[in-house]
1. Being out of contact with any helix residue (DSSP H, G or I) (no Cβ under 9 Å at 6 or more places or on another chain), within 23 Å of residue 9 (Cα to Cα) and touching a residue at least 24 places away in the same chain (Cβ under 8 Å) is the requirement here; does residue 155 meet it?
2. Can you go through 213, 208, 185, 149 and tell me which one is open to solvent by less than 40 Å² (accessible area, probe 1.4 Å) and either out of contact with any helix residue (DSSP H, G or I) (no Cβ under 7 Å at 6 or more places or on another chain) or in contact (Cβ under 8 Å) with a residue 12 or more places away in the chain (or both)?
3. Looking only at residues that are under 24 Å from residue 156 (Cβ atoms) and without any contact (Cβ under 8 Å) to a residue 24 or more places away in the chain in segment 6-38, which one is surrounded by the most Cβ atoms within 10 Å (Cβ to Cβ)?
4. Could you please find all residues in segment 202-229 being over 16 Å from the mean Cα position of the chain (by Cα) and of a type in the set (A, V, I, L, M)?
5. Across segment 125-135, what is the total count of residues that are surrounded by fewer than 24 Cβ atoms within 10 Å (Cβ to Cβ), touching a helix residue (DSSP H, G or I) at 6+ places or on another chain (Cβ under 8 Å) and under 15 Å from residue 96 (Cβ atoms)?
6. Return only the number of the condition from (1) assigned to a loop (DSSP other than H, G, I, E, B); (2) closer than 19 Å to residue 226 by Cβ; (3) under 17 Å from the mean Cα position of the chain (by Cα) that residue 90 does not satisfy.
7. Suppose the filter is among the small types (Gly, Ala, Ser), touching a residue at least 12 places away in the same chain (Cβ under 8 Å) and more than 30 Å from residue 20 (Cβ to Cβ); does residue 222 pass it?
Amino acid sequence: MMNRPPVWRSLLYVPAHVERFVDKAHTRGADAIQLDLEDSVPPAEKPAARAAIATAAQRVRRGGADVLVRINAPLSLAVPDIQAAICPGVDGLVLTKLRGPDHVRLLDELVSECEENAGIAPATLRFLLLVETPEALPHAHAIAAASPRAVAMSLGAEDFATAIGAEPTEEALALPRQMLLIAARAAGLMPLGLMGTLAGFADAEAFRAMAIRSRRAGFEGASCINPAQVAPLNAAFTPADEEVAYARRVIAADAEARAQGRGAVALDGRMIDVPVVRRAERLLARHEAIRQRQTMHG
């Protein structure tokens, strides 16, 4: 499972202890379901939420979604969270409020022990890494490279904004988001996130426009808190038909130019050189990965 990066355009949070949300999660169309043990679960409910994970994971994946479990940051909670989450039907963990690379490696070590104890193949579970504090931000590159389990990285926008004394606006979070995106790309991880805030899901068109802007900025998907956000995220993080068609024309024009011994060629009045070709190749690879996911999961 670790070989091919996943397609996670939409990652829907579902409180693991709330039956009505778990029951409908598989119908929402999300690429990934994040069974939550953290912020949406009150302290008194956390043992019940952990106990529900094994059954909930099997239920929420019925529609083809990958299943992640978002764990708590304090070690006294993280250890039982991980022990409960390492079970058939769980594809990965969302590691919250990471402090540095040693924090990632510590959790990786525990996950490896739990996989062995559960009879699960080594290195099965993947990590989505969350940086949520100003203290951790300077270590983003090291955090991103700390574990081969890591496949994605994101800024915990609400917690980060609170920590720096800001509202979670696009302006306040633009720089840390860009830093996380660059750190993720440098380590070969998927950058996840939105340029704006999740709070404005009532305006569907504005939300979709923000998600499209986020894809153009380099992000590959985003978490969401409301099922109504899933379809706009899936659409926004899928290359449009006209983009795919143009990318194919770029590849064809480049191939023709190389066959004629030319290093660059003009297409629609724009110079097609190596970076443009690489972007076209990446877009077509993304298009194909999404197509394969949709074929596999209907």
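The values are calculated or read from the model by the stated rules, or taken from the named source; none is laboratory data. Keep in mind it's a predicted model, so treat the numbers as computed, not measured. Neighbour counts are summed over all protein chains in view; Cβ atoms, including those assigned to glycine, are modelled from backbone coordinates with ideal geometry. All accessible areas refer to the heavy atoms of the entire protein, side chains included, with ligands and DNA or RNA removed. Shrake-Rupley method; radii C 1.70, N 1.55, O 1.52, S 1.80 Å.
1. The answer is no for residue 155.
2. Values: 213 fails: open to solvent by less than 40 Å² (accessible area, probe 1.4 Å); 208 fails: open to solvent by less than 40 Å² (accessible area, probe 1.4 Å); 185 fails: open to solvent by less than 40 Å² (accessible area, probe 1.4 Å).
It is 149.
3. Per the criteria, the residue is 21.
4. Selection gives 202, 204, 206, 209, 210, 228.
5. Qualifying residue count, segment 125-135: 2.
6. Single failed check for residue 90: (2).
7. No: the conditions fail for residue 222.
Okay, residues lined up against (1) aromatic (Phe, Trp, Tyr); (2) surrounded by 15 or more Cβ atoms within 10 Å (Cβ to Cβ); (3) within 18 Å of residue 8 (Cβ to Cβ):
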residue: 196; (1), (2), (3): no, yes, no
residue: 203; (1), (2), (3): no, no, no
residue: 221; (1), (2), (3): no, yes, yes
residue: 231; (1), (2), (3): no, yes, yes
residue: 241; (1), (2), (3): no, no, no
residue: 249; (1), (2), (3): no, no, no
residue: 253; (1), (2), (3): no, yes, no
residue: 267; (1), (2), (3): no, yes, no
